[in-house]
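Colleague: Take a look at the following structure, please.
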Amino acid sequence: MFENLSERLQRTLKSIRGQGRLTEENVKDALREVRRALLEADVALEVIKLFVDRVQVRAVGQEVSLSLTPGQAFIKIVKDELTAVMGEANDGLKLNVAPPAVILMAGLQGAGKTTTVGKLARYLKEREKKKVLVVSADVYRPAAISQLQTVAQQVGASFHPSTAQQKPVDIALAALDVARKQFYDVLIVDTAGRLHIDSEMMKEAKAIHAAINPIETLFVVDAMTGQDAARTAKAFNEALPLTGVILTKTDGDARGGAALSLRELTGKPIKFLGAGEKLDALEPFHPERMASRILGMGDVLSLIEQVEQKVDRAEAEKLAKRLQEGDSFTFEDFKSQLQQIQKMGGVFSLLDKLPGMSGMAQKVDAAQGEKQFKRIEAMINSMTMQERRHPSIIKGSRKRRIALGSGTSVQELNRLIKQFEEMQKMMKSMKKGGMQKMMRGMAGGAMGKMPFMR
């Protein structure tokens with residue numbers, strides 16, 4: 001998300017970063033480019049005007065003129081105001097109530113609402129250690145109930161059965177009764193979506209809301225609809241008291257207009273971002289971290305959280321110990337590292353959060369990268385244990401056998417071996433304490449030569 005906006009803003013702000021003195025004229029020139037970038041990102045006009053006015057007032061005031069580095073001070077103002085537009089800080093779910101905490105999910109058809117219910121259930125189970133029950137009150141879409149049942153099974157949440165013959169309010173009340181009697185911490189109620197907001201949809205949503213009195217009413221909306229997402233949420237909020245928004249399909253949204261318009265137009269916080277179809281692809285929305293990512297400053301805190309949650313710590317410590325003791329980095333280790341990267345959302349997700357690496361992230365073809373990871377894994381799986389541990393023995397006939405067994409070519413295998421040898425060199429640099437050298441190699445060497453880089 002924000003790839004196009006990020007590229008434009010970074011280019012614009014680079015020209016002002018080294019300025020020894022900021023004048024009203026060069027601030028105006030920079031803000032003209034910022035305004036264009038925001039328009040291209042499909043940010044709502046009223047939000048752009050408010051943002052630019054606030055930056056201009058602060059930039060031509062004492063705050064910048066007294067700074068030793070006016071260009072840097074200007075960038076900080078832009079970052080602060082981007083953060084303010086998106087909501088200052090993460091607004092988490094309010095679950096500190098007598099259980100069950102009821103969460104009502106609403107949204108238009110096609111926004112990914114049912115899948116998001118599953119993602120949220122998984123998040124609450126794994127991150128908040130909650131016992132979760134889900135139920136579908138969508139009696140209009142034939143596959144909605146069975147889809148939620150399948151998703152619930154995949155994430156390990158309990159599912160309350162319902163049928164198309166029941167009334168939505170009755171379904172929600174029955175699920176609430178079960179949640180109370182069986183001591184569930186959280187009940188998530190999935191409601192029917194429509195192709196557009198209509199009076200019948202609102203009437204039904206209001207009736208369910210009145211019956212179960214949810215602590216959270218979340219609106220699920222497709223990020224790719226840009227500022228229309230914010231306007232839809234605003235219209236919905238006028239009929240139903242929303243407590244927050246979940247933006248879905250953010251991995252397909254290069255503009256970011258929805259995220260930058262939502263808070264200002266609706267007054268409601270973005271609570272989560274959904275990126276991708278996998279059921280673990282849901283992350284809390286942190287405005288300040290997102291502003292840093294937009295400006296190419298990275299998001300190290302989110303990266304640390306991602307590593308702590310998804311990396312096999314025991315496996316990582318085992319590898320570190322072996323390398324310290326002088327063992328070689330093997331194809332088995334390489335395969336393990338690739339699997340860890342995939343668990344963390346792939347190369348794009350990691351590069352996007354590293355300071356100064358957002359430009360590199362934009363060169364990554366995510367879909368091609370995942371496909372290439374599978375081919376690499378297939379090649380390693382086709383090797384014998386001896387070949388994985390001693391790659392130097394992989395010559396002529398062995399190469400042909402590995403390529404045939406993995407459905408690849410000898411040329412692809414040669415490229416993999418070359419990449420692997422570069423990884424081995426980096427691991428030696430790390431062992432000798434050359435961490436900076438290793439990172440430079442990752443940024444400009446091996447990563448740039450990976451087959452999924454455009």
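The values are calculated or read from the model by the stated rules, or taken from the named source; none is laboratory data. Quick caveat, the model's predicted, so the values are computed rather than measured. Ideal geometry is used to build each Cβ from the backbone, glycine not excepted, and the neighbour counts take in all protein chains shown. Just so you know, the surface numbers come from the protein's heavy atoms only, side chains and all, with ligands and any DNA or RNA stripped out. Shrake-Rupley method; radii C 1.70, N 1.55, O 1.52, S 1.80 Å.
Colleague: Under a crude label model (7 Å from the Cα following the beta-carbon direction), how far is residue 153 from residue 95 in nanometres?
Modeller: The modelled label-to-label distance comes out at 2.5 nm.
Colleague: Leaving ligands, DNA and RNA out of it, rank 184, 140 by accessible area with a 1.4 Å probe, largest first.
Modeller: Correct descending sequence by accessible area is 140, 184.
Colleague: Of the accessible area of the stretch 72-112, with the probe set at 1.4 angstrom, what percent is carbon plus sulfur?
Modeller: 53 percent
Colleague: Right, next: Collect residues whose amide H, placed 1.01 Å from N in the peptide plane, falls under 5 Å from the amide H of residue 134; neighbours closer than 5 in sequence don't count.
Modeller: HN-HN under 5 Å from residue 134: 158, 159, 160, 188.
Colleague: How many Å² of accessible area per residue for the stretch 93-169, probe 1.4 Å?
Modeller: Accessible area per residue, the stretch 93-169: 45 Å².
Colleague: Roughly speaking, to the nearest percent, how much of the stretch 184-254's 1.4 Å accessible area is carbon and sulfur?
Modeller: Of all accessible area on the stretch 184-254, carbon and sulfur atoms account for 52 percent.
Colleague: Still on this structure: Taking every pair of alpha-carbon atoms in the stretch 137-222, give the share separated by more than 16 Å as a whole percent.
Modeller: 56 percent
Colleague: Which whole-number percentage describes the relative contact order of the stretch 45-177, with Cα contacts under 8 Å and a sequence gap of 6 or more?
Modeller: Relative contact order comes out at 17 percent.
Colleague: Among the listed pairs 249/374; 335/425; 167/271; 203/278; 125/371, give every one whose C-alpha distance is greater than 28 Å.
Modeller: Where the Cα-Cα span goes over 28 Å, the pairs concerned are 167/271; 203/278; 125/371.
Colleague: Provide the per residue accessible area, probe 1.4 Å, for the stretch 197-252, rounded to a whole number of square angstrom.
Modeller: With the other protein chains kept in place, the stretch 197-252 gives 38 Å² per residue.
Colleague: Along its principal axes, what span do the Cα atoms of the stretch 166-213 show, with the longest given first and each in whole Å?
Modeller: 36, 19, 15 Å, listed from the longest principal axis down.
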